[in-house]
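The values are calculated or read from the model by the stated rules, or taken from the named source; none is laboratory data. Since we're looking at a predicted model, the values are computed, not measured. Cβ placement follows ideal geometry from the backbone for every residue including glycine, while neighbour counts extend to all protein chains displayed. The area values use the complete protein model at the heavy-atom level, side chains included, leaving out ligands, DNA and RNA. Shrake-Rupley method; radii C 1.70, N 1.55, O 1.52, S 1.80 Å.
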Amino acid sequence: VVIRIRPPLPRELHGNVPFQKIFTVGSSCRQIVICDKVDEDGQVIQTYGAHRFTFDHVYDQFSTQRQVYMHTARPAVLSTLKGYNATILAYGQTGTGKTYTMEGFNSDESRGIIPRAVE
């Protein structure tokens, strides 16, 4: 199970309420900590309660479509070509980047998992 954190949208960065980063990704890219506030260096600076979650991999907001495909989706795609079953499921709230991750855009670097899988 992997998780991908999308970058903040312009309306979130420039809205009426100041944007606050509330997560940090562990150095091993396997753990995410969600808390009240995180500084620019990724350190928890205020914690009324921090929640740690561990996954097979955590992609932060700077991860590229290619990184997500190569590390997570490509092994599943290749195993299906060998006759094994595989599922890639994008799940989450509206506006969290599922369609972008799976489909992406037409530009070479922004292609998602599906166009990369059928190449």
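Side notes on the structure shown:
- Total formal charge among the other residues, if their Cβ is under 14 angstrom from that of Tyr91, Lys/Arg +1 and Asp/Glu -1: +3
- Surface composition of the chain: carbon plus sulfur atoms hold 54% of the accessible area, using a 1.4 angstrom probe and ignoring ligands, DNA and RNA.
- Residues whose placed amide H lies under 5 Å from that of Gly112, excluding near-sequence neighbours: Gly104, Phe105
- Calculated from backbone phi, Karplus (6.51, -1.76, 1.60) coupling profile of region 94-101 in Hz, x at Gly/Pro: 4, x, 9, x, 5, 5, 4, 5
- Calculated FRET value between Asp108 and Ile34, using beta carbons and R₀ = 41 Å, to 0.05: 0.80
- Of the residues Tyr84, Tyr100, Tyr48, Tyr69, ranked by 1.4 Å probe accessible area with the largest first, the sequence reads Tyr48, Tyr84, Tyr100, Tyr69.
- Across Ile45, Ile88, Ile22, mean-square fluctuation computed from a Gaussian network of the chain (C-alpha pairs under 10 Å connected) peaks at Ile45.
- Per-q log10 I(q)/I(0), region 61-119, q = 0.19 Å⁻¹ (Debye; single scatterer per alpha-carbon; no solvent): -0.68
- Working note: Karplus 6.51/-1.76/1.60 with θ = phi - 60° gives region 2-17 the couplings 10, 10, 10, 9, 7, x, x, 7, x, 5, 7, 6, 10, x, 5, 9 Hz, where Gly and Pro are set to x.
- Normalised by residue count, the chain yields a Cα convex hull volume of 124 Å³ per residue.
- In the chain, the calculated helix contribution to ellipticity at 222 nm averages -4500 deg cm²/dmol per residue, counting -39,500 (n - 2.57) for every DSSP H run with n ≥ 4.
- Accessible surface, the chain, averaged per residue in Å² (probe 1.4 Å): 73 Å²
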